[in-house]
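The next block holds one structure in the form of C-alpha cells; read it before the comments.
Where a number appears in this text, it was derived from the coordinates with a stated rule and is not lab data. Because the structure is predicted, anything quoted here is derived from the model rather than measured. Note that each Cβ is placed from the backbone with ideal geometry, even for glycine, and that neighbours are counted across all protein chains shown.
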C-alpha cells in the first residue's frame, strides 16, 4: 500500500476556499470532463450528446460458468417444470366457468399475472450465472481504495474498515483514502500515521450545492470532490465502500481483476449486511429476502444484462465515470451511475467472490427509513432521468432497467389491489371469480415449489449471499409484510416531488445503538389500520353477505397484520433490551408499550369475527 497525500491537514471550521461556480461554469467543466459527451446538467442528471453510444463488448474469456454441467441441467429442468405448471395454472384459471363478471376476471387476473410471471426473471438469471474467471491476472492499474464517512457515522466504525482496507492481499501498490465530510484531529492523525489519505469538501462551497452535481449532505458530492481533485488525474480504478462495510483480504483483487477487459466500466459486488444480522430481525429479514439477488441473480446479469451497483460498495473505471460527468444523481447514486454507464456504452460485471460485510439496519425504524428513501429515489430516477436515456440502450437493457425501476410501483399496486379485493367482495357480496379455493392454493403452491427447488440448488452451489442464508424464514415473511407500506409512501412522495419540487435531505442510516430508543406508534399504524379494516370487513360480511371465501381471506389478512403489529413492537423492545443490557419486560414497557397496546387492540377487534366465523360458515352452507 502506498501513502497518498491528503487533501486536508487540520480539522475545524474553515472559510469557503472559493465560491460555487455559476451553472454555466459547472456545465463547461462537465463538458470538458466528459470530452463533450455531456451537453446539459439539470438537477435530475446529465444529458448526453445526441447519437447512439459506442457499445463495447466483453472479451470472450472474461466470464466462466459457476454451476457444474449437472446442476445446470437440473436448474433448466426445474425451470421447465415451473413454466409447465404456469401454463396449466392459467389454462385452469381462465376456464369460462370461473368467470362471474368480466371486471372481476380482469382485475384478479392482472394481479395474478404480475405475481405468477415475476419469477420468470429470476429463472432467466438463474440459468445464466457467470463469474469472472479467477485464473485471470489482476491488471496493473493505478488503484484507489476509498471509504466514505458522514459526520453521524462513528470513527470507530470507519477505522475498523480502514484497517481491513490496508491489509489487502493485492499484487501491486494501491492507495487508501478516507473521504470524510468533517474529519477530526484524531482522524487526521491516525490516517497520517497509517499512510491513508484524507479528502474532505468541508468549507468548499462549490461542493455543497443543493442539487446534483456536487450535492451537499450526499455521498455523490463527497465523492465528486475526491474525483475532481484526485480520482480522475491519479487513478485508473476506484473501489469505494460505505464506512461500515469491512472488506475481506482478497476483496480488492476480485474487484480490480475484471478491469483487465477494456470494455468494463464498473464492477458490482454482493452487498451483505450481516455484521449485526444476529441482533436485528429487520437486518436478518432483508438478508434472507435478498440473498438470491446479491448472489445468483446479479451474477446472472453479467454478460450483457447489466448488473447494478449497490451503494455499499462497488468499483468504477475513472475514465468511464468522467465520460458520464461524474457519479450519478440521487440517493440511489449507485443505480443511477450504473444506468448512465450503460447508457454511455460501457459494460458492467458482477464480482461474485468480492466479500465485504456491513452492519445493516440496527432497528426496524432504520430499516423502514431505508425502504422509504430507496423507493422514493428510484421512482424519482424513473420519472426524471430515465426517459432521456432509455432510448440509447439496446432493447434487452431497456426492458431490464425499466423493470427494475417500476418494481416498487408494481409492488405497491399489486399489494394494494390484493389487500382491497377481499374486503370489497366480503362487504358487497360481489364474487370476483368462482373458483375452488383448495385447488387454487394447491396450484399456487406447486408454482412456488419449483422456485424453492431452484433456490435450494443455487444454495447448494454457494450462490446465495450470504452462502448459508435460509431459503424460508419467519424474518423474511415479517420483512416483506412490514416494508411495503413504506415503499408505497416513497413512491407517492416521489410522484408528489415531481409536481411540487422541494428540497430533500437524505438521512444516513445509524451505525450505533442509541440506548432504549422508543418505537413511535406511527411505525405500526399502517399495519394496525390494515388489520382493523379487514376485521371490520369480515364482520360486515358475516352480517350482510354469504361470501364465505372472501370473509375467510379477510380474517387471514387481519391475523397477518395483527401479527405484524404485535411482532414489530415486541421485537423492538427485545432488541432494545439486548443493546442496553436491561430486562426484556422493562425494555418493552419503556420503548414500545403504546405500540403493543395497539397490537392488542387489533387482536381484540379480530376476535369477534373470528369466533363467529364457524357459525357463519355452517349457516351459509345450510342455506
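Taking label points 7 Å from Cα along the Cα-to-Cβ direction, residue 124 and residue 217 give a separation of 3.9 nm. Taking other C-beta atoms within 10 Å as the exposure proxy, 219, 149 rank 219, 149 from fewest upward.
Over segment 449-500, the reciprocal of the mean inverse Cα-Cα separation, the Kirkwood hydrodynamic radius, stands at 13.6 Å. Output the 0 to 90 degree angle, nearest 10, between the alpha-carbon long axis of helix 584-622 and the longest principal axis computed from the alpha carbons of the chain. Helix 584-622 and the main axis of the chain meet at about 40 degrees.
Take every pair of alpha-carbon atoms less than 8 Å apart whose residues are at least six positions apart; their mean separation over the length of segment 513-623 yields a relative contact order of 37 percent. For segment 513-623, the fraction of alpha-carbon pairs lying more than 19 Å apart is 50 percent, rounded to a whole number.
Stretch residue 544-residue 70 to full length: gain in nm at 0.36 nm per residue minus the Cα-Cα span?
Value of the extension gain: 164.9 nm.
Restricting the calculation to Cα atoms, every distinct pair contributes to the Kirkwood radius of segment 167-211, found to be 12.4 Å. Looking at the P(r) of segment 403-498, how many percent of alpha-carbon pairs lie beyond 20 Å? Result for the distance tail: 62 percent. Rg ratio for segment 275-413: its Cα radius of gyration over 2.2 N^0.38 Å, N being its residue count, equals 1.07.
Simple spin-label estimate for residue 189 and residue 615 gives 7.7 nm between the two label positions (7 Å along the Cα-to-Cβ direction from each Cα). Full extension of the chain between residue 403 and residue 80 yields a length gain of 114.0 nm, computed as 0.36 nm times the residue separation minus the alpha carbon distance. Placing a label point 7 Å from the Cα of residue 141 along the Cα-to-Cβ direction, the residues of segment 227-249 with a backbone N closer than 12 Å are 235-240.
Extension gain for residue 111-residue 94 works out to 4.7 nm (0.36 nm per residue, less the C-alpha to C-alpha distance).
Within segment 84-117, which residues have the backbone N less than 14 Å from the label spot 7 Å out from residue 410 along Cα→beta-carbon, could you tell me? Inside the label zone: 110-117. Comparing Cα centroids, segment 298-338 and segment 26-96 end up 13 angstrom apart. For segment 62-130, the equivalent ellipsoid derived from the Cα gyration tensor has semi-axes of 35, 13, 5 Å, listed largest first. The radius of gyration of the Cα set in the chain, together with its Dmax, comes out at 26.1, 86 angstrom.
Using the rule -39500 (n - 2.57) for each DSSP H run of four or more residues, divided by the residues of the chain, the 222 nm mean residue ellipticity is -17500 deg cm²/dmol.
Between residue 319 and residue 25, the C-beta separation translates, for a Förster distance of 30 Å, into a calculated FRET efficiency of about 0.85. Label sites at residue 495 and residue 431, each approximated as a point 7 angstrom past Cα along Cα to Cβ, lie 3.3 nm apart.
Taking only the Cα atoms of segment 129-180, the ratio Rg/Rh comes out at 1.09, with Rh defined as the Kirkwood radius.
Pairwise Cα distances in segment 38-167 exceed 17 Å for 80 percent of all pairs. What do you get for the angle between helix 437-460 and the principal long axis of the chain? Use alpha-carbon atoms, 0 to 90 degrees, nearest ten. The helix 437-460 is inclined about 30 degrees to the chain. The overall shape of segment 354-398, judged from the alpha-carbon gyration tensor, is oblate: a/c is not under 1.5, and a/b is no greater than b/c. When DSSP beta bridges are restricted to pairs lying wholly in the chain, around 40% turn out antiparallel. Across the alpha-carbon atoms of segment 376-451, the computed radius of gyration and Dmax are 18.4, 50 angstrom. Which distance in Å, rounded to a whole number, links the C-alpha centroids of segment 193-222 and segment 557-588? Measuring centre to centre over Cα atoms gives 39 Å. When only alpha carbons are used to place a centre, segment 135-161 and segment 436-473 end up 36 Å from one another. For the chain, the longest principal axis of the C-alpha atoms and the axis of helix 548-580 are separated by about 40°.
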